[in-house]
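I have placed the structure first, in the form of structure tokens, so that the comments after it can refer back to it.
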Amino acid sequence: MSTLLEVQNLSAAIEEGELLHHISLKINPGETHVLMGPNGAGKSTFGYTLMGSPNYKVTGGRILFEGEDITHLPADRRASRGMFLSFQNPLEVPGLSLEEFLRNAIRQQTGKPLKIFQFKKQLESTMQLLQMDESYADRDLNVGFSGGEKKKAEILQLLMLNPKLAILDETDSGLDVDAVRTVSRGVEEYQKQRNGALLVITHSTRILESLKVDYTHILVKGRLIVTGGPELVEEINEHGFEKYIEAGQQ
């Protein structure tokens, strides 16, 4: 199996200093990886760096996607190659409806004219899967949406764009139990549609309950402390991050 994403000795910084230190990992098609760690560990920073956010400067190492070095590609070029990032705090975009945003994103991703009837049919069925009121498609993107509806809108984008790799940053944050179940259903559907790869960034484990986890990575103070299997998730549930925080201080 060819590697989808390979991170080689990656370090990244902002003006105040370095935040990520020599991180290496590989993700293959169809795999589900979980990145966990205490608050302030650098989990979101890692996701944004992978996606090419200009707020973070790569100071060492490389990011390869399907064998191509994308370390210095802008975010839109990474998205067109099949990468997707679900934001922890989705932005509100006045003047641009959710449907218009999705149309534009799909056009940019495929580089082809959009078949409107097919698009609308897919949009309707996907919103039904996520238990979203269809009126949200005509509303300005995330404007006036509840926290739960914003997260559902992110998963809607995931299913409509159908990327090769989805990076989900704290997607279950702030959601009630029912909303977590709905979002989890959408993530499961994504995996069925494409055999898509997932990098789930979280400090909780609720969204993982319905997913088959292949690898778990523990990040502390910007360093990858340990990589294991799904048993690490259970260990964190039972004992927390204390021993890994201590290891990160050594």
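Rounded to the nearest 5, what % of DSSP beta bridges with both residues in the stretch 5-249 are antiparallel?
Counting DSSP beta bridges with both partners in the stretch 5-249, the antiparallel share is about 60 percent.
Could you work out the helix-only [θ] at 222 nm for the chain, with each DSSP H run of four or more residues adding -39,500 (n - 2.57) and the total divided by the number of residues, to the nearest 500 deg cm²/dmol?
Calculated at 222 nm, the ellipticity per residue is -11000 deg cm²/dmol.
Which value in Å is the Kirkwood Rh of the stretch 1-138 over different Cα pairs?
17.2 Å
Working from Cα positions, state the angle (0 to 90°, nearest 10) between the long axis of helix 177-194 and the longest principal axis of the chain.
90 degrees
Can you tell me the orientation of helix 147-161 relative to the chain, as the angle in degrees between its alpha-carbon axis and the longest Cα principal axis, to the nearest 10?
80 degrees
Give a residue-ordered list of calculated ³J(HN,Hα) values for the stretch 29-35 (Karplus: 6.51 cos²θ - 1.76 cosθ + 1.60, θ = phi - 60°; whole Hz; x for Gly, Pro).
Rounded to whole hertz, the list is x, x, 7, 10, 10, 10, 10.
For the chain, what is Rg from Cα atoms divided by 2.2 N^0.38 Å, rounded to two decimals?
Taking the Cα Rg and dividing by 2.2 N^0.38 Å, one obtains 0.99.
Step by step: find N for the stretch 133-225, compute 2.2 N^0.38 Å, then divide the Cα radius of gyration by it. What's the final number?
The stretch 133-225 yields a ratio of 1.14.
How large is the charge dipole for the stretch 5-249, taken about the Cα centre, if only the Cβ atoms of Lys, Arg (+1) and Asp, Glu (-1) carry charge, to the nearest 20 debye?
880 debye
Among residues other than Val7 whose Cβ falls under 10 Å from its Cβ, what is the net charge (Lys/Arg +1, Asp/Glu -1)?
Taking every other residue near Val7 into account, the sum is +1.
So, counting K/R as plus one and D/E as minus one, what does the shell of residues with Cβ under 14 Å around Asp138 add up to?
Charge balance near Asp138 sits at -4.
Going 7 Å from the Cα of Arg62 in the Cα-to-Cβ direction, what parts of the stretch 1-22 have a backbone nitrogen less than 20 Å from that spot?
From the stretch 1-22, the list is 1-13, 21-22.
Between the helical axis of 116-129 and the dominant principal axis of the chain, each derived from Cα atoms, what acute angle in degrees is found, rounded to the nearest 10?
On a 0 to 90 degree scale, this one is about 60.
Which entries in Lys112/Lys164; Lys43/Lys115; Lys120/Lys192; Lys43/Lys121; Lys26/Lys152; Lys192/Lys221 show an alpha-carbon gap greater than 30 Å?
Cα-Cα > 30 Å for Lys43/Lys115; Lys43/Lys121; Lys192/Lys221; rest within.
Which value in Å is the Kirkwood Rh of the stretch 96-135 over different Cα pairs?
One over the average 1/r among Cα pairs gives 10.7 Å for the stretch 96-135.
Any read-out appearing in this document is the output of simple, stated calculations on the displayed coordinates, not a laboratory observation. Predicted, not measured: the structure shown is a model, and the values here were computed from it. No Cβ is skipped: glycine too gets one built from the backbone with ideal geometry, and neighbour counts run over all protein chains shown.
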